[in-house]
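Asker: Please find one structure pasted underneath; my questions will follow.
The values are calculated or read from the model by the stated rules, or taken from the named source; none is laboratory data. Everything numeric here is computed off the predicted structure, so don't read it as measured data. Methodologically, a virtual Cβ is constructed for each residue, glycine included, from the backbone with ideal geometry; neighbour enumeration extends over all protein chains shown. Accessible surface is based on the protein model in full, side chains and every heavy atom, while ligands, DNA and RNA are left aside. Shrake-Rupley method; radii C 1.70, N 1.55, O 1.52, S 1.80 Å.
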Amino acid sequence: MPGKHIGNLQSVKEVTCEYRRVYREARNEKMDMKRAKGLAWMLKELSHMIRVHDLEERLEALENAANNE
């Protein structure tokens, strides 16, 4: 099983790149479909968590700005 370094996956863009890699490997039969499905699910969840975290930070910044006025 290949152990490729996938980076930090700290942004939706990075997660999307990894998702594409998993898709290509599954499509080209270089990765078992069951493994690809599991990784795709985890990547989707990670992407969702990053988006929620980003929204929370933006909301907090807006609330702080509103309270300082």
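Asker: Within the set of pairs 6 or more residues apart or between chains, which connect a residue that is touching a residue at least 12 places away in the same chain (Cβ under 8 Å) inside segment 48-68 to a residue that is open to solvent by less than 90 Å² (accessible area, probe 1.4 Å) and assigned to a helix (DSSP H, G or I) with Cβ atoms less than 6 Å apart?
Answerer: Taking only residues 6 or more apart or on different chains, the pairs are Ile50/Val12.
Asker: Ok, one more. If you scan segment 27-37, which residues turn out to be touching a helix residue (DSSP H, G or I) at 6+ places or on another chain (Cβ under 7 Å) and either part of a helix (DSSP H, G or I) or open to solvent by 80 Å² or more (accessible area, probe 1.4 Å) (or both)?
Answerer: The answer is Met33, Ala36.
Asker: Find all pairs meeting these conditions: Cβ atoms under 8 angstrom apart; at least six residues apart or on different chains; first residue within segment 19-44 and in contact (Cβ under 8 Å) with a residue 24 or more places away in the chain and closer than 18 Å to Leu9 by Cα; second residue of a type in the set (Asp, Glu) and surrounded by 15 or more Cβ atoms within 10 Å (Cβ to Cβ).
Answerer: Close Cβ pairs (under 8 Å, with a partner that is of a type in the set (Asp, Glu) and surrounded by 15 or more Cβ atoms within 10 Å (Cβ to Cβ)) amount to Leu43/Glu18.
Asker: Sort through Ala65, Ala40 and tell me the only one that's surrounded by 10 or more Cβ atoms within 10 Å (Cβ to Cβ) and on the phi < 0 side of the Ramachandran plot.
Answerer: Ala40
Asker: Looking at segment 7-26, can you tell me whether even one residue there is within 11 Å of the chain's Cα centre (by Cα), loosely packed, with under 11 Cβ neighbours inside 10 Å, of a type outside the set (Val, Ile, Thr) and not in a helix (DSSP H, G or I)?
Answerer: yes
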